[in-house]
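So the structure is just underneath, and the comments pick up after that.
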Amino acid sequence: MVISTIIPKFLYLGAARDTKEVNRMKQLKISHIFSCAGKVCDDIDYTIAKEHFDDNDDVDILPFVESSYHFIENARLKKGVVYVHCLAGRSRSPTIILSYLLLSRKLPLRLLYLHVLNCRDIIVPGDGFMKQLSYLEMKLLGKNSFDVNEMSWRKLEKYSPLQVRTELAGFKIDIEPLIPYQKSLETKTKSIQIQQFLDLVYWKYLNSSDNVDSSHTMTITTTTTTTTTTTTTTTISSDKNSNIIDLKTKIENSKELVEFQRNNPLIIWQDISDLVDKYHREQQELNIQK
């Protein structure tokens, strides 16, 4: 299988062995390579991101989705030409290509899959990878174009080239993305964005909890005896644990989170969840001081 053109003069897909085709690589003006597996021939001629991962359904691809997005976009901004490869150009590298197109174009995953399949008819991204891409699609678009439970992407593997072209109906992807490049978030910047989000939702969902009892805060400020204080503190600690679990559940299932992640697709729930605990402690301490 030869090197496949995904976006002319910008984005290409293939296998590690294809980098041996030096003349072809030069003809395409490849300047950047995102390597998911295998060895690059004449690697000193390129800017390379070596991000190897196993072709296994259990692999978390999110770190590679993020790093590849920034790598490809930075190459585009520098007028570079990118080649994405794995061992055979069938599963891992098509997954990275699809994730980049999702993030930069925000188009249905099924349409993007058909486009990549039309460019390279041997692609078969793993089911685990496709499920994670479908999750990303839901975050970005608010709906899925594949039936995840039925893994309906498998049906496209049986499509003839004519069926693929018919469904695409002349669809093409230009070099310039529909979505402006989202620069990599430093940890501090990411924390600020999450804190701004929590400023909007914290009290709304804390106050809606059935477990919240504001009298506990008042008790701790008015109690004077050592015995009573100890007992009250223990009660608050127990309530805080149940409150924070309930609070996280409400935020995780909120419409505000859906909108926030749609606008910030590279911030995952775990990032937010980790900061909820810290934010909650700070708010409770401020409340006690009052």
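Structure values in brief
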quantity	calculated
Those helices (runs of 4 or more DSSP H) lying entirely in the stretch 225-290 with at least 3 residues modelled with pLDDT under 70	226-252
Condition met for ILE30 (part of a helix (DSSP H, G or I) and farther than 30 Å from ASP271 by Cβ)	no
So LYS26, is it over 21 Å from the mean Cα position of the chain (by Cα) and among the basic types (Lys, Arg)	yes
Residue count, the stretch 83-118 (criterion: in contact with a strand residue (DSSP E or B) (Cβ under 9 Å, 6 or more places away or on another chain) and within 24 Å of LEU140 (Cα to Cα))	11
Residues of the stretch 46-82 satisfying the condition of being in contact with a strand residue (DSSP E or B) (Cβ under 6 Å, 6 or more places away or on another chain) and not hydrophobic (A, V, I, L, M, F, W, C)	TYR46, THR47, LYS50, SER68, GLY80
Residues that are closer than 18 Å to ILE96 by Cβ and modelled with pLDDT under 95, drawn from the stretch 1-15	MET1
Whichever residue in the stretch 24-43 is free of Cβ contacts under 8 Å to residues at least 24 places away in the same chain and under 15 Å from SER4 (Cα atoms) and, among such residues, is surrounded by the most Cβ atoms within 10 Å (Cβ to Cβ)	ARG24
Test: residue in the stretch 150-157 that is at pLDDT 95 or above and surrounded by 20 or more Cβ atoms within 10 Å (Cβ to Cβ)	yes
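The values are calculated or read from the model by the stated rules, or taken from the named source; none is laboratory data. Keep in mind it's a predicted model, so treat the numbers as computed, not measured. Neighbour counts are summed over all protein chains in view; Cβ atoms, including those assigned to glycine, are modelled from backbone coordinates with ideal geometry.
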